[in-house]
Amino acid sequence: MFKTLKILLFILICMTGCQKHIVEPDVQEVYIEKIDTNQKYKITCKEEIHDIVQNINSGHRELAIFMADVMVDLVYKNNKKITILIRKNKFKIDGVTYVSSDTILNTRLIHGKIRCTKSNLK
């Protein structure tokens, strides 16, 4: 009985994890691709990137199955690239599903309408 409890506790600790940041904050560019229409947007606006990273890092692990409608590539300053599959407030990184209390991408970002200058959108 005690051994089973230890195993269950270990599994729960592994599932919840203790990771402080899901993604690192030094993102240089964000590429947003709508999966159903293959539209691609490039965002280099620091305020928009900060909002996206903050929404992602506010998420927590949760078992969920979903069909992604947006694929986001985060490109870091050292050319490291992370791909995130997103649907509203659910997102998947490296096969691990997370849920955020807020939607990850605003609809204006998905449609290419950002707050910064139009030169940031390509």
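Determine if segment 114-121 includes at least one residue that is β-branched (Val, Ile, Thr), in a loop (DSSP other than H, G, I, E, B) and at pLDDT below 85. There is at least one residue in segment 114-121 that is β-branched (Val, Ile, Thr), in a loop (DSSP other than H, G, I, E, B) and at pLDDT below 85. Residues of segment 38-87 that are surrounded by 14 or more Cβ atoms within 10 Å (Cβ to Cβ), under 11 Å from Gln28 (Cα atoms) and polar (S, T, N, Q): Thr44 alone. Per the conditions (1) free of Cβ contacts under 8 Å to residues at least 60 places away in the same chain; (2) touching a Phe, Trp or Tyr at 6+ places or on another chain (Cβ under 8 Å); (3) within 19 Å of Arg87 (Cα to Cα), the sole criterion not satisfied by Tyr41 is (1). Inspection of segment 60-82 finds no residue satisfying the criterion of being of a type in the set (Ser, Thr, Tyr) and touching a Ser or Thr at 6+ places or on another chain (Cβ under 9 Å).
Can you pull out the residues in segment 25-40 that are of a type outside the set (A, V, I, L, M, F, W, C) and within 14 Å of Ile56 (Cα to Cα)? Result: Pro25, Asp26.
The values are calculated or read from the model by the stated rules, or taken from the named source; none is laboratory data. Keep in mind the model is a prediction, meaning the values are calculated, not measured. FYI the Cβ positions are ideal-geometry reconstructions off the backbone, even for glycines, and counts take in every protein chain you see.
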